[in-house]
Amino acid sequence: MLAIQVLLIVVVLVVGVVLVRSTAGARHQAVRRLLLAALVALAVASILVPTAVTAAANVVGVGRGADLLLYGLVIAFLGFVVSSYRRARHLEETVTELARRLALDEAPPPEQARHREGDGPAGS
């Protein structure tokens, strides 16, 4: 085994472990872990047997294995972008809801608000 293969396998495994450590819901986390395990297995296999990627590329009609990997990475990146957008949108909605709730919780009762309106300079 070449040194670059060992390095790439270590990097793939470390990234896999970091991605598995999440606090999402149990079902979502289980699916993500299964997909990640499959990705790690495929990454290690493609490092150990690079000709297999070229053979797989030829089977699906792509000329080179590197092109097939690039296409896969583009698809994965787009999935990441969509997932990040959805997560950010959900967080924005949560922050808005919390800000509204906080504003209502800290607002004075209507009786105090009416009483304060009469205490201003216009009421003197």
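FYI, it's all coordinate maths here, none of it is from the lab. What you see is a predicted model; the values in this text were computed from it and never measured. Cβ: placed from backbone, ideal geometry, glycine included. Neighbour counts: every protein chain shown.
Structure summary
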| item | result |
| --- | --- |
| Every pair of residues 6+ apart whose Cβ atoms lie under 7 Å, when the first sits in the range 27-55 and is in contact (Cβ under 8 Å) with a residue 24 or more places away in the chain and in a helix (DSSP H, G or I) while the second is aliphatic (A, V, I, L, M) and surrounded by 11 or more Cβ atoms within 10 Å (Cβ to Cβ) | V40/V12; V40/L13; A43/V12; V44/I9; V44/V12; I47/L8; I47/I9 |
| Given (1) in a helix (DSSP H, G or I); (2) of a type in the set (A, V, I, L, M, F, W, C); (3) within 30 Å of V6 (Cα to Cα), number of the condition V62 does not satisfy | (1) |
